[in-house]
Structures are given as C-alpha cells and as structure tokens.
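The values are calculated or read from the model by the stated rules, or taken from the named source; none is laboratory data. Computed from a prediction, not measured in an experiment: that's the story for all the values here. No Cβ is skipped: glycine too gets one built from the backbone with ideal geometry, and neighbour counts run over all protein chains shown. These area figures cover heavy atoms from the full protein model, side chains too; ligands, DNA and RNA do not enter into them. Shrake-Rupley method; radii C 1.70, N 1.55, O 1.52, S 1.80 Å.
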Amino acid sequence: MDERIDVAVVGAGPAGLSTAIEARKAGLSATVFEQGALLDAMRRFPTNLVWFSTPELLEIGGIPFVIATVRPTRIDVLNYYQKVAKHYGLDVRAHDAVQAVTSSGGGFTLRTAAGASYRAANVVVATGYFDTPNHLGVPGEDLPQVRHYYDEPYGYYGDDVAVVGGRNSAVEAALDLYRHGVRVTLIHRGERLSEGVKYWVLPDIENRIKAGEIRALFGATVRRIEPGGLVVADAAGERRLGARFVFVLIGFRPDVALMRAFGIAVEEETLAPRHDPATLETNVPGLYVAGSVVAGRFNNKIFVENGRLHGAVIVRAILARRAKTP
C-alpha cells in the first residue's frame with residue numbers, strides 16, 4: 001500500500017502495453033497487471049494463426065515490427081510484443097489478477113489474487129474479450145467433448161469433429177483439422193459464410209466444401225449436444241450428427257461482470273462500457289477503458305490496429321486533468 005502508481009493497467013495485451021508505454025513516455029509511473037502471462041490471450045491463439053494485418057499496423061511504442069513475410073504469424077507477434085515490453089522495461093505483474101478496484105481518497109485501491117494491495121491515481125481496463133467465449137446456450141454444451149477454443153489439430157486425427165460458426169476462427173479451424181486427417185462438418189446458422197472471412201482463406205474453404213472434403217450445413221442451428229454427437233435443425237428438419245468433438249467457435253464478449261465489479265456502467269444491449277469517446281474515461285472519474293473491450297460485444301469494430309492507439313488518448317486526458325488540478 002506504500003506504493004502509489006500513476007497509471008495502473010489491467011491487462012497485458014497490445015492495448016495495455018501501449019498505454020503503459022505512453023504513460024512512461026509522459027513521465028508517469030505505470031504498472032501492468034495480468035491474470036496470465038504477458039500477452040496471454042495471443043499466446044492461446046491457434047498455433048498456426050496468420051494475422052490479417054501487415055506488421056506496421058500492429059506496431060506500438062514506435063518500435064518497428066520487421067519480418068521477412070507480408071503477414072506475421074502468431075509467433076512473430078508474440079516475439080515482437082515481448083521485445084517491446086523488454087525494450088521499455090515495463091513493470092508487468094504477470095499471473096496476478098486484479099480482483100477489485102475501489103475508489104479511495106482521490107484515487108483507487110487495487111487488490112490482486114496474490115493478496116497484494118496497490119494505490120493508483122488512474123486505472124485503465126484493457127482486458128480484451130478472449131477469456132469470455134460466446135455460448136450456444138443449448139443442452140449439453142458443458143460436456144467434456146465441447147471446446148470453445150482451438151489450438152492445433154493433432155489431438156483429433158481420424159475423428160469426426162463438428163465446428164460451429166461461420167467466421168474466421170471457425171473456418172480456419174475447419175481447414176486446419178481437415179488437412180490433418182480429421183472428418184469435419186462445419187455448421188453455420190447463416191446461409192453463407194461471413195463476409196469478414198480472410199480473402200485468401202475464403203476460396204480455400206469454398207473449394208473444400210464444393211469438393212465434399214468438408215461437409216457444410218448452412219442455415220442450421222444446434223439444438224443440443226450429446227455424448228458422441230449433436231442434434232441440428234435446418235430447413236429439412238432435425239437430425240443427429242455423429243461427432244466425437246464439437247468446437248463452438250462463435251466469437252467472444254467482454255467480461256461484463258468484472259467491469260461492473262469495478263464500478264463501470266455497462267450498456268445492456270451492446271455490453272460496451274459507458275465512456276467518453278474523446279478520452280475513453282468511464283462513468284468513474286479516473287477509470288478508463290482501452291482496446292477491444294471498448295466496443296462491447298461488437299468486437300469486430302476495434303482490433304489491435306486501432307486499439308493500440310487508445311493509450312495515447314488516455315494519457316493525454318490524464319495529463320490534461322493534471323494540468324487543471326490546482
């Protein structure tokens with residue numbers, strides 16, 4: 001409690017790291033708290049992920065992101081952000097989740113899972129959304145064969161696997177599984193795949209479906225999941241599909257409960273934190289939001305590419321308030 005931080009950042013992803021860097025550049029002390037490892041969400045991305053963005057759109061702190069290819073891989077991105085954090089000597093408290101943030105004496109008190117308490121003049125919530133996957137809300141979704149994350153295909157060789165979803169995560173998982181000896185059925189409630197599927201991936205999945213190498217059910221919804229299979233409904237009625245494993249890859253949402261516990265008002269419809277778009281300050285003075293969490297459930301609006309810019313906005317707002325304080 002003797003330690004007082006100018007800017008406490010909750011979340012060690014690109015938006016959180018960028019905020020800490022901007023604070024340090026402005027002469028403010030900054031500490032980043034992370035419930036997992038540095039860049040924990042990106043660490044858990046699919047092993048063979050290739051980013052849509054080119055590297056210059058992912059840069060933070062003015063440090064060039066240089067690779068030999070056009071688009072970075074998951075490993076490229078992890079290595080880059082780790083090196084940036086090391087370059088700036090950021091104070092990152094990994095594996096110590098912030099469990100409570102309370103207003104106290106013109107600032108905030110943070111309490112962490114390790115039982116430590118910290119005083120901070122300002123707090124920035126940059127927790128992203130990867131820890132809270134969307135669920136179908138159907139019976140059987142809690143069975144052990146159901147997965148809400150995809151990492152690699154090797155544990156599913158020779159099996160029948162259902163992949164639910166029609167955006168990049170579902171499409172890329174289906175292709176990766178198919179190419180590693182898995183019999184894949186792709187199930188999507190829409191009549192076609194999402195328009196946001198990466199343009200170099202879309203022809204691949206369409207050709208695999210056309211050739212019958214990946215079975216696709218469009219306009220279909222999952223009614224329930226059972227041991228060894230699932231029941232889906234489409235225009236032809238209900239039917240049972242055999243599947244030893246089911247990947248439900250239908251996106252993610254912010255941790256609304258955590259934000260509300262911190263005192264942040266959350267819009268019921270959008271799940272977005274109430275904030276001033278010009279400063280990213282929430283309804284709690286001195287408490288800010290950064291990164292994809294700003295958009296609530298519409299997480300296709302804010303990515304690393306624009307969320308990385310939030311740190312500079314927040315630090316300018318903090319400095320402006322300090323200048324006005326007698």
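From Leu186, Leu143, Leu175, which residue is part of a helix (DSSP H, G or I) and either at pLDDT 95 or above or among the aliphatic types (A, V, I, L, M) (or both)?
The conditions single out Leu175.
Taking Lys324 and the conditions (1) under 20 Å from the mean Cα position of the chain (by Cα); (2) at pLDDT below 95, which numbered condition does it fall short on, given that it satisfies the others?
If we test Lys324 against (1) under 20 Å from the mean Cα position of the chain (by Cα); (2) at pLDDT below 95, just (1) comes out false.
Would the stretch 76-90 turn up any residue that is surrounded by fewer than 16 Cβ atoms within 10 Å (Cβ to Cβ), among the polar types (S, T, N, Q), farther than 27 Å from Gly286 by Cα and without any contact (Cβ under 8 Å) to a residue 40 or more places away in the chain?
yes
Any idea which of Ala113, Ala121, Ala100 is open to solvent by less than 50 Å² (accessible area, probe 1.4 Å), among the small types (Gly, Ala, Ser) and within 22 Å of the chain's Cα centre (by Cα)?
From the options Ala113, Ala121, Ala100, the qualifying one is Ala100.
Looking at (1) without any contact (Cβ under 8 Å) to a residue 24 or more places away in the chain; (2) farther than 30 Å from Gly11 by Cα; (3) not aromatic (Phe, Trp, Tyr), which one does Asp142 not meet, given that it meets all the others?
Failing condition for Asp142: (2).
Scan the stretch 1-47 residue by residue and report those that are assigned to a loop (DSSP other than H, G, I, E, B) and of a type in the set (Val, Ile, Thr).
Listed by number, the list holds a single entry, Thr47.
The conditions are (1) of a type in the set (Phe, Trp, Tyr); (2) at pLDDT below 95; (3) in a strand (DSSP E or B), and Phe247 fails exactly one of them. Which is it?
Phe247 satisfies every listed condition except (2).
Looking at the stretch 101-131 only, could you name the residues that are assigned to a strand (DSSP E or B) and either over 24 Å from Ala317 (Cβ atoms) or in contact with a Pro (Cβ under 6 Å, 6 or more places away or on another chain) (or both)?
Of everything in the stretch 101-131, those that are assigned to a strand (DSSP E or B) and either over 24 Å from Ala317 (Cβ atoms) or in contact with a Pro (Cβ under 6 Å, 6 or more places away or on another chain) (or both) turn out to be Arg111, Thr112, Ser117.
Would you confirm, using the coordinates I've provided, whether Ile264 is within 22 Å of Ile318 (Cβ to Cβ) and touching a residue at least 60 places away in the same chain (Cβ under 8 Å)?
yes
Considering the stretch 273-326 alone, what residues qualify as being in contact (Cβ under 8 Å) with a residue 12 or more places away in the chain, assigned to a loop (DSSP other than H, G, I, E, B), within 23 Å of Ser29 (Cβ to Cβ) and open to solvent by 40 Å² or more (accessible area, probe 1.4 Å)?
The answer is Arg308, Leu309.
Can you name the residue in the stretch 1-35 that is hydroxyl-bearing (Ser, Thr, Tyr) and surrounded by 24 or more Cβ atoms within 10 Å (Cβ to Cβ) and, of all such residues, is farthest from Gly105 (Cα to Cα)?
If we take residues in the stretch 1-35 being hydroxyl-bearing (Ser, Thr, Tyr) and surrounded by 24 or more Cβ atoms within 10 Å (Cβ to Cβ), then Ser18 is farthest from Gly105 (Cα to Cα).
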